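Colleague: Let me begin by handing over the structure; questions about it come next.
The values are calculated or read from the model by the stated rules, or taken from the named source; none is laboratory data. What you are looking at is a predicted structure, and each value in this text was computed from that prediction instead of being measured. Cβ atoms come from the backbone with ideal geometry, glycine included; neighbour counts cover every protein chain shown. The area values use the complete protein model at the heavy-atom level, side chains included, leaving out ligands, DNA and RNA. Shrake-Rupley method; radii C 1.70, N 1.55, O 1.52, S 1.80 Å.
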Amino acid sequence: MAGACCKCPVSLTVFKRSLCVTPRSPGPASRSLLSGGRLGERGVQEGCWAARPSALRTVGSYRHPVFLCFSCQESMSESLRTCYLYLNQTSRSFAAVIQALDGELRHAVCIFYLVLRALDTVEDDMTIPLEKKVPMLNDFHTYLYQANWCFTESHEKDRRVLEDFPTISLEFRNLGQAYQDVISDICHRMGVGMAEFLEKKVGSMKEWDQYCHYVAGLVGIGLSQLFSASQLEDPEVGKDTELANSMGLFLQKTNIIRDYLEDIQVARAFWPQEAWSQFACRLEDLAESDQLTSALSCLNLLVTDALRHVPDVITYLARLRNQSVFNFCAIPQVMAIATLSACYNNPQVFQGVVKIRKGQAVTLMMQATNMGAVQSIMAQYSQEMLQRVSLTDPSRDKTLFILGVIQERTLSQATLASRTAHLSPMYLSAAMILAALSWQYLSTTAGQPPGTADMQGH
C-alpha cells in the first residue's frame, strides 16, 4: 500500500498481516472531535477528522495494531515508534487513516492527535480541581517546549499520554517549525476554549457554534494548516479558516445530535438551550414518550442547523488535490451526512442508538475517493431527507431551503464522475483496507454498550 506508508512494495501485505482490533473496556466520554468525540468510531466517523477510549497500557503489555510497514518502522526513532503505539492504543480507526497519509504529514498529524488527546484528557478528568485544571488548560501549549513536563495525577483512562508526555513533546519538537507553529497555536486556542466552557452551559445557538468551534472547528483549521504546510495542498486550504471550521462543525454537530440519549443518561447536555427550550421545560423531557412530537421538532431544527455547513464542506473538498488528504477528509463527511439522514425525524434518537449499518459504512468508505462520488453521496442523502420533511414541522421551510442548496451544489455539474472512476489500483487497495479495518472494528464493537468505543471522527 504505497500511499499509506511508503514506496515499499511489500507494504500492502504487511499491512494486511498486521490487522487487529484490541477490545476496549468502558470509559467516560469526551467531546473533542479529534481527540475524543464519538463521531465515527461508533458509527459516523469510522476513522476520521469518537466516547473515551480505554486506558493506555504499558508498552508491550498486549498485541497492538501496527499499520506501518516494517521498513518504515525500522527507520523511525524509538520515541516516534512509541508515539505511533500510543496512537494505535487510543484510536483504532483514526490510527488507520492517519497512517494512510503521505510523507511527513503523517507524523505531523500523529503528533497533533496525541497533543490534543493529552489536552482533552486533562479537560475530562473530573478529579482535577478547577483551580488547578483551568491554568493547566490555558498553559498546556507551553508544555510542548518543556522537555520534562508530565502529569502523573490523572485518573483518566488515557492518562499514559500525560505520564509520558515528554516522549510526545520530544517528537513535537522534532517536527518542522511550520508544523510546530500550527500545533502549538491550535493547542493554545483549544485549551482556552475548553477552560471557558468548563462551567458554562451551551445556551444560545451562537454559543453552540462557539463550543463546536473550540472542540472541532479548531481541529479542522489545524489539520488544514498542516496540509498546506506539508505542501501537499495549496496555501488557500490552510488560509480559508471559515471552510475548515465548517468541516469540524458539521461533524461535531452530527455527533452531538446523534448522542442525545446517551448524554442525558449520564447528565451531560450539549443540545443548545435556545433550541430545546422552544419545545420542552427540560432537555431530558424530550425522551418522554408523550413528548415525541416536540422532540422531533427540536431534533429537526438542529439537523437543519448542521446541514447549513454542507455547502462549505463541498467547497472545501473540491479544493483538495492530494489523494491521501482527500480520503482523510472526505470519508468522515459522507459518514456524517449518512448519519444525519438516519437521525432526521427519527424517534429512535430519543429511544436508543441510531447507527449506520456496517455494510453501508464500508460501502461509503470505498466510494468516497473522488469529488464526483462525494457529490453523488451528498445528493443521495439530501434527497432522502427531502422525502421525509413533515408538512407540520416548524423548521420545514428552512430545511427545504438548505436541502435545496445542497441538491443544487451536488447535482449542478454537467456530469458527475463515476464513484470509482479515475482511481489507481494503489488507492483502491488503500480504500479496501481502510474499509476492512472499519468492518473489523464495527464487528468488534457491535455488541458493546454505549460509551465503550473510541470518533471521521467525534
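Colleague: If only one of R321, R357 is out of contact with any Gly (no Cβ under 7 Å at 6 or more places or on another chain), basic (K, R) and over 18 Å from T254 (Cα atoms), which one is it?
Modeller: Just one listed residue meets the conditions, R321.
Colleague: If you don't mind, another one. Pairs under 8 Å by beta carbon, first residue at pLDDT 95 or above in the range 396-421, partner open to solvent by 80 Å² or more (accessible area, probe 1.4 Å), six or more apart or different chains?
Modeller: Note: pairs meeting the criteria are I402/R308.
Colleague: Whether any residue in the range 247-266 is in contact with an Asp or Glu (Cβ under 7 Å, 6 or more places away or on another chain), open to solvent by less than 20 Å² (accessible area, probe 1.4 Å) and small (G, A, S) is what I want to check.
Modeller: Among the residues of the range 247-266, not one is in contact with an Asp or Glu (Cβ under 7 Å, 6 or more places away or on another chain), open to solvent by less than 20 Å² (accessible area, probe 1.4 Å) and small (G, A, S), which makes the answer no.
Colleague: Moving to a separate point now. Of the residues that sit in the range 261-275 and are at pLDDT below 95 and outside any loop (DSSP other than H, G, I, E, B), which one is farthest from M126 (Cα to Cα)? Reasoning before the result, please.
Modeller: Step one: of the range 261-275, the residues at pLDDT below 95 are 261-270.
Restricting the remaining residues to those that are outside any loop (DSSP other than H, G, I, E, B) gives 261-265.
Numbers: L261: 22, E262: 19, D263: 16, I264: 18, Q265: 18 Å.
Of everything passing the filter in the range 261-275, L261 is farthest from M126 (Cα to Cα).
Colleague: Somewhere in the range 323-342, is a residue open to solvent by 10 Å² or more (accessible area, probe 1.4 Å), among the polar types (S, T, N, Q) and more than 17 Å from the chain's Cα centre (by Cα)?
Modeller: Yes: the range 323-342 contains one or more residues that are open to solvent by 10 Å² or more (accessible area, probe 1.4 Å), among the polar types (S, T, N, Q) and more than 17 Å from the chain's Cα centre (by Cα).
Colleague: A further question on this structure: In the range 150-160, which residues are exposed (fewer than 15 other Cβ atoms within 10 Å of the Cβ) and either closer than 17 Å to G191 by Cβ or at pLDDT 90 or above (or both)? Write out each step before concluding.
Modeller: Taking the range 150-160 first, the residues exposed (fewer than 15 other Cβ atoms within 10 Å of the Cβ) are 152-153, 155.
Passing the criteria: T152, E153.
Colleague: Next up: Does the range 385-401 hold any residues that are under 20 Å from W276 (Cβ atoms) and either assigned to a loop (DSSP other than H, G, I, E, B) or open to solvent by less than 30 Å² (accessible area, probe 1.4 Å) (or both), and which are they?
Modeller: The answer is S390, T392, D393, P394, S395, T399.
Colleague: Now a separate question. Condition test on T304, is it open to solvent by 10 Å² or more (accessible area, probe 1.4 Å), among the hydroxyl-bearing types (S, T, Y), in a helix (DSSP H, G or I) and closer than 20 Å to G203 by Cβ? Let's see the steps before the verdict.
Modeller: On the way: open to solvent by 10 Å² or more (accessible area, probe 1.4 Å): yes; among the hydroxyl-bearing types (S, T, Y): yes; in a helix (DSSP H, G or I): yes; closer than 20 Å to G203 by Cβ: yes.
So T304 fits the description; yes.
Colleague: Within the range 323-375, can you find the residues that are assigned to a helix (DSSP H, G or I), among the hydroxyl-bearing types (S, T, Y) and over 22 Å from I221 (Cα atoms)?
Modeller: Selection gives T339, S341, T363.
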